Amino acid sequence: MDLNFEQLPFSLLSELGRKRLGQAVEMTFLAAGTVILDAGDATDYVYVVHKGVVVELDPRAPEASARIAVYTDDDLFGAITVFNGTSRYRFRVEEEALCYLIPSELFQTLCNEEPAFADYFQARLAAKSQLLAERREGGVTLAGFMLARVSECMREPVLLAADGTIGDAATELTRHGVDSLLLQANGRVGVITKTDLLRGLVEEGLTPRSAAVGLASFSLVTVELDEFLFAALVRMTRHQVTRVVVMAEGRALGVVELPDVLSFFSSRSYVVGLEVERAEDMDALVLASARLPELVQALMAQGVRMRFAMELMAALNGRIIARAFEFLMPRTRATQCCLMVFGSEGRGEQILKTDQDNGLILEEDLNWPELRDLSRAFTDTLVRLGYPRCPGGIMASNPEWVGTLSDWRRRIRRWVGQGDDAAMMRLAILADAHPVAGQVRLVERLRDLLFEHCSHDEILLSQFARPVLHFATPLTLFGTLKTRDQTLDIKKGGVFPLIHGVRALSLRYRIRETNTLSRMRRLVDAGHLEAEVADDLGGALAVFTELRLRQQIRSMSEPGATLDSGNLVSVAGLSSLERDMLRDALHVVNDFKKSLSRRFHLEY
């Protein structure tokens, strides 16, 4: 039989498994209208469609909404029935079909003997999306690195006594061949580096007999023991440090240094990060920034998980924007304001560079006559760094997006009072604000203002959430993908309603995080979102992001293409697995929209 063993899930079988399956599989013809399985039936086979169309129906649902899924060439069904014993739904032949028949007994044997094959069927949507990521074209998976935990790379800390001297510290550094020591004093853990010792001896006139504790830094960048090693790399990039302290239950258990991470991951990512930090002028920063697209393609080819890639790129973009700000703004002024970013950069969900979305919070009564000219120069500089101007004018060069907290309070009040779509869009933009330079605490005070004026206003929240219904989910009445010229807009149909729905819930329940996955975790922790729903939404977002990014990368080589080109996904070019995942993801979003509609009374 011509069963395609190169396609999932059969590609997961061993050679022996494929041989046994090839010898046992049969083919059958099924006329249109045939009910292959009905609700409550057991099955003797798992089915793989060779040609034709089979529909899955919920016999308890009204006819208009009974159709759950459609199976066409190479699609598989019946496996869940084998696991559960009976079918929950009805499978009926829509167009006469040829199907391969896999005996259920053999199927169960293969699942029992080959865990990877069994896992495929038992995996939830999120796990399937990861499988998709690992199958990227040209993929050389770095699964080993991506699965490595901090504990695998951590070195035990070298401790210095609280009353240790600079001489003692230097001796310990040399003896252990490390660059840093941990020190505990007054119930707090600090770190001392070689640079700290040199600074004390050269700049502060200390001697080897001087106490070392005064040179320690107690503002530690930390990771938890069970976090992924990649998270440590992201944190080093975001905080511009070369080491993180490993914590467990409030205790410092070790240190991960940059060389330790590089020993696991010889990557261009940190090289780009170093170029950004070492840039001494704008020309050097432009060169470093120009390497980001190359880095994105490398990360994708290496099979890096989408979540980690987004975090890393957000950290790098944030540092590039912050360095540009530092180059242009006088140091004294830069400490009297806060540069914040919005949109996908604010949520930490940016992969490729998008339009500028930024604004400024100024200290009260700040007299800064040159600000307007400097802000324009900043916008021009970001264009040079590869961030196009925002067509909607959401930029620090626009006075509408610059002001003191008092100014921002008045704007929020005005937008709340207006209550129209344009005002809701501005509140949504503000909800994703994330600080990248200057006084970062000002953003949290701005968020307080937003919560104060919006979180308890049910009418406003209903208006705020309503845009989730502005775009129809691209599914037909029968539950299949609804396309136009074989394409569908994945941003309007999937990404936007998911992100904005989570944003609306976060505004309602005063969630301070801006990243969509982090927001969902906090909503689950606070009991405002079911964990299973959050898992499904996270999986759906991963599917959308994966397909959208792949389309965007493909579009980069096409003349005249824009990032928006990546929103139109060619369904005809998707594999059976990808179509299946996209359809499932859109069903997840559709269900989420219905729950939002009930929660925010959007139908009235």
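Out of all the residues in the stretch 393-409, which are closer than 13 Å to residue 379 by Cβ and under 30 Å from the mean Cα position of the chain (by Cα)?
Scanning the stretch 393-409 gives 393, 394, 395, 396, 397, 398, 401, 402.
Within the stretch 513-552, can you find the residues that are open to solvent by 50 Å² or more (accessible area, probe 1.4 Å) and of a type in the set (Gly, Ala, Ser)?
Listed by number, the residues that qualify are 526, 527, 531.
If you go through the stretch 357-372 one residue at a time, do you hit one that is among the hydrophobic types (A, V, I, L, M, F, W, C), open to solvent by 20 Å² or more (accessible area, probe 1.4 Å) and within 17 Å of residue 446 (Cβ to Cβ)?
Within the stretch 357-372 (the criterion being among the hydrophobic types (A, V, I, L, M, F, W, C), open to solvent by 20 Å² or more (accessible area, probe 1.4 Å) and within 17 Å of residue 446 (Cβ to Cβ)), the answer is yes, since at least one residue qualifies.
Just wondering, is there one or more residues in the stretch 325-336 that are among the polar types (S, T, N, Q) and modelled with pLDDT of 90 or more?
yes
May I ask you to verify whether residue 231 is over 21 Å from residue 310 (Cα atoms), of a type in the set (A, V, I, L, M) and either at pLDDT below 80 or open to solvent by 20 Å² or more (accessible area, probe 1.4 Å) (or both)?
Answer is no for this residue.
Looking at the stretch 337-387, which of the residues that are part of a loop (DSSP other than H, G, I, E, B) and farther than 30 Å from residue 549 by Cα is nearest to the chain's Cα centre (by Cα)?
That would be 363.
Given the criterion hydroxyl-bearing (Ser, Thr, Tyr), open to solvent by 20 Å² or more (accessible area, probe 1.4 Å) and modelled with pLDDT under 85, identify the matching residue among 570, 555.
Of the residues listed, the single one that is hydroxyl-bearing (Ser, Thr, Tyr), open to solvent by 20 Å² or more (accessible area, probe 1.4 Å) and modelled with pLDDT under 85 is 570.
How about the stretch 101-141: which of its residues are modelled with pLDDT of 60 or more, in a helix (DSSP H, G or I) and of a type in the set (Asp, Glu)?
Within the stretch 101-141, 105, 113, 119 meet the criteria.
Looking only at the stretch 317-336, which residues are part of a helix (DSSP H, G or I) and crowded, with 21+ Cβ neighbours inside 10 Å?
If the condition is that a residue be part of a helix (DSSP H, G or I) and crowded, with 21+ Cβ neighbours inside 10 Å, then 317, 318, 319, 320, 321, 323, 324, 325 are the ones that fit.
I'd like to verify a number: residues in the stretch 165-196 that are over 18 Å from residue 245 (Cβ atoms) and open to solvent by less than 50 Å² (accessible area, probe 1.4 Å), how many?
4
Looking at the structure I just gave you, is residue 490 crowded, with 22+ Cβ neighbours inside 10 Å, in contact (Cβ under 8 Å) with a residue 40 or more places away in the chain and farther than 25 Å from residue 436 by Cα?
When the stated conditions are applied, residue 490 passes them.
Quick check: is even one residue across the stretch 468-483 among the aromatic types (Phe, Trp, Tyr) and buried (at least 19 other Cβ atoms within 10 Å of the Cβ)?
no
Hey, residue 456 hits all of (1) farther than 27 Å from residue 580 by Cα; (2) at pLDDT below 95; (3) in contact with a helix residue (DSSP H, G or I) (Cβ under 8 Å, 6 or more places away or on another chain) but one; which does it fall short on?
(3)
Which one of 42, 97 is of a type in the set (Gly, Ala, Ser), assigned to a strand (DSSP E or B) and at pLDDT 85 or above?
97
Please go through the stretch 400-444 and pick out each residue that is open to solvent by 60 Å² or more (accessible area, probe 1.4 Å), assigned to a helix (DSSP H, G or I) and closer than 20 Å to residue 362 by Cβ.
Correct list: 409, 410, 413, 414, 426, 441, 444.
So, of the residues in the stretch 85-121 that are of a type in the set (Asp, Glu) and more than 25 Å from residue 11 (Cα to Cα), which turns out to be surrounded by the most Cβ atoms within 10 Å (Cβ to Cβ)?
94
Filter the stretch 386-397 down to the residues that are without any contact (Cβ under 8 Å) to a residue 24 or more places away in the chain and not small (Gly, Ala, Ser) and list them by number.
None - no residue of the stretch 386-397 is without any contact (Cβ under 8 Å) to a residue 24 or more places away in the chain and not small (Gly, Ala, Ser), so the list stays empty.
Let me confirm something: among 541, 507, 577, 517, which residue is modelled with pLDDT of 95 or more and in a helix (DSSP H, G or I)?
507
May I ask you to list the residues in the stretch 203-218 that are touching a Gly at 6+ places or on another chain (Cβ under 9 Å) and open to solvent by 30 Å² or more (accessible area, probe 1.4 Å)?
Result: 204, 206, 207, 208, 209, 211, 213, 214, 217, 218.
Can you name every residue in the stretch 445-458 that is part of a helix (DSSP H, G or I) and of a type in the set (D, E, K, R)?
The answer is 445, 447, 448, 452, 458.
Please state which one of 359, 343, 348 is on the phi > 0 side of the Ramachandran plot and modelled with pLDDT of 90 or more.
Every option except 343 fails the conditions.
Specify the residue that is farthest from residue 444 (Cα to Cα); the eligible residues are those in the stretch 382-399 that are open to solvent by less than 20 Å² (accessible area, probe 1.4 Å) and not hydrophobic (A, V, I, L, M, F, W, C).
So the residue we want is 387.
Which numbered condition trips up residue 505, out of (1) open to solvent by less than 40 Å² (accessible area, probe 1.4 Å); (2) under 17 Å from the mean Cα position of the chain (by Cα); (3) among the aliphatic types (A, V, I, L, M)?
(2)
The values are calculated or read from the model by the stated rules, or taken from the named source; none is laboratory data. Worth saying up front: this structure is predicted, and the values here are computed from it rather than measured. So basically every Cβ, Gly included, is an ideal-geometry build from the backbone, and we count neighbours across all protein chains shown. Quick note on the areas: whole protein, heavy atoms, side chains included, nothing else; ligands and nucleic acids left out. Shrake-Rupley method; radii C 1.70, N 1.55, O 1.52, S 1.80 Å.
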